[in-house]
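**Q** My questions will all concern the structure given below.
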Amino acid sequence: MPRISFDQVAKSYGSVEVLPPFDLTLEDGEFTVLVGPSGCGKSTTLRMLAGLETLSGGEIYFDDKPISKLEPKDRDLAMVFQDYALYPHMSIAKNMSFALRLARVSKSEIEEKVKRVAAMLNISPLLDRKPAELSGGQRQRVAMGRALVRDAGTFLFDEPLSNLDAKLRGKMRAELAEMRDTIDKNMVYVTHDQVEAMTLGDRIVVMSDGLIQQQGTPEELFKAPVNTFVAGFIGSPTMNFIDGELVDEKGTSWVRGDGFMLPLPVEMGQRLGSLAERRVTLGLRPSSFTMDLTTGAPIELNVVVSEYLGAQSVLVTRCGGTEVLVETQSAAPIKAGQMQSFGVLIDEIMLFDKTSGLRL
């Protein structure tokens, strides 16, 4: 499998710059997820890699070989599209073997590969059916099977689960994760669903407005986001952002705002001590609150809505004029319309520059 490198790659449509020049390296054998909101440029990046879009600048390399001038069929890639793109008049077996038949692979080899991949995806009983006789999840498996039988060096997935319902999407996500661990190939996966990104990716590349905001492991992006966009995009429920200012009282650093005053961890306070009275954005994940007031800094919140989710509840609360989400265990239900004291785990506090959004 090649090491894939984007070297100052750019894309424009006429005078409209969609992707300014960027660098990106996808390591050999890595499952890389490009994630971001609609219109951020992730699918365009994937299509340039596949050869379905021309580059406006820069070059893409497989190891040290430039490939931007190669036809898609010459790039050793297989792609799974969002809309499945199955031939309705062909059986499932013929859909899966179409590229192999075009390449004039022997019938015995085609049959062996189709059976092996069909067994892997649990669609062996469906090989004689037509796409119209299959459910959405079964069609998605066929689309993945058509890519897998090619045994390409790199597999590309363009939002392959977005057309499925929530339950089936969760099941297919688990199957993709299992497939990732059994197939030693490069995989590049595009999605706007951060849950898919967190559960599937060895490395996540977060994009916004055509720019790469941050890349790293799921844990790195969750625990150390570089700005408010990444912090708010990665994690579910989403991170809370509250306006505040840094203050220094009696040698202790605090962040203070409408309805709260929280001490900062000692190391963070020492690092930011010179920024006293600076306006900041306080970032708190919903999981950073606890009912045990002895283990966190106290804060009082007005509970507006209590969303019961089974073992857990998500509370929609207000701190001053800001909506704040809180994750709690459902063993002790909290009713809406009351003031409730919580503890804030101060080691999980994040602070961001009010203007640039960069993490301090």
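**Q** Among the residues of segment 88-122, write down those that are part of a loop (DSSP other than H, G, I, E, B) and modelled with pLDDT of 90 or more.
**A** Of the residues in segment 88-122, the ones part of a loop (DSSP other than H, G, I, E, B) are 88-91, 103-106, 121-122.
Selection gives PRO88, HIS89, MET90, SER91, SER106.
**Q** Please tell me if ASP64 is surrounded by 12 or more Cβ atoms within 10 Å (Cβ to Cβ) and either modelled with pLDDT under 90 or within 21 Å of GLN215 (Cα to Cα) (or both).
**A** No.
**Q** Need pairs with beta-carbon distance below 6 Å; first residue without any contact (Cβ under 8 Å) to a residue 60 or more places away in the chain and within segment 296-323, second open to solvent by 80 Å² or more (accessible area, probe 1.4 Å) and not charged (D, E, K, R); sequence gap 6+ or separate chains.
**A** Partner pairs satisfying both residue conditions: GLU300/MET339; ASN302/MET339.
Residues checked against (1) under 20 Å from ARG203 (Cα atoms); (2) among the β-branched types (Val, Ile, Thr); (3) open to solvent by 30 Å² or more (accessible area, probe 1.4 Å):
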{"residue": "PHE6", "(1), (2), (3)": "yes, no, no"}
{"residue": "TYR13", "(1), (2), (3)": "no, no, yes"}
{"residue": "LYS42", "(1), (2), (3)": "yes, no, no"}
{"residue": "GLY58", "(1), (2), (3)": "no, no, yes"}
{"residue": "ASP83", "(1), (2), (3)": "no, no, yes"}
{"residue": "SER91", "(1), (2), (3)": "no, no, no"}
{"residue": "ALA99", "(1), (2), (3)": "no, no, yes"}
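**Q** Continuing with the same structure: Being charged (D, E, K, R) and either crowded, with 22+ Cβ neighbours inside 10 Å or not in a loop (DSSP other than H, G, I, E, B) (or both) is the filter here; which residues of segment 15-29 pass it?
**A** GLU17, ASP23
**Q** Any residue in segment 39-52 that is within 14 Å of GLN213 (Cβ to Cβ) sitting within a Cβ distance under 6 Å of a residue that is outside any loop (DSSP other than H, G, I, E, B) and polar (S, T, N, Q)? List the pairs, counting only those 6 or more apart or interchain.
**A** Every condition considered, the pairs that remain are CYS40/SER208.
**Q** In segment 204-225, what count of residues is obtained for those that are open to solvent by 20 Å² or more (accessible area, probe 1.4 Å) and closer than 18 Å to CYS40 by Cα? Before you say what the answer is, go through the steps one by one.
**A** Step one: list which residues in segment 204-225 are open to solvent by 20 Å² or more (accessible area, probe 1.4 Å), which gives 209, 211-215, 217-220, 222-224.
If we keep only those that are closer than 18 Å to CYS40 by Cα too, we end up with 209, 211-215.
Selection size over segment 204-225: 6.
The values are calculated or read from the model by the stated rules, or taken from the named source; none is laboratory data. The shown structure was predicted, so the numbers you read here are calculated from the model rather than taken from an experiment. Every residue, glycine as well, gets a Cβ built from its backbone with ideal geometry; the counts of neighbours run over all protein chains shown. Please note that ligands, DNA and RNA were not included when accessible areas were found on the heavy atoms of the full protein model with its side chains. Shrake-Rupley method; radii C 1.70, N 1.55, O 1.52, S 1.80 Å.
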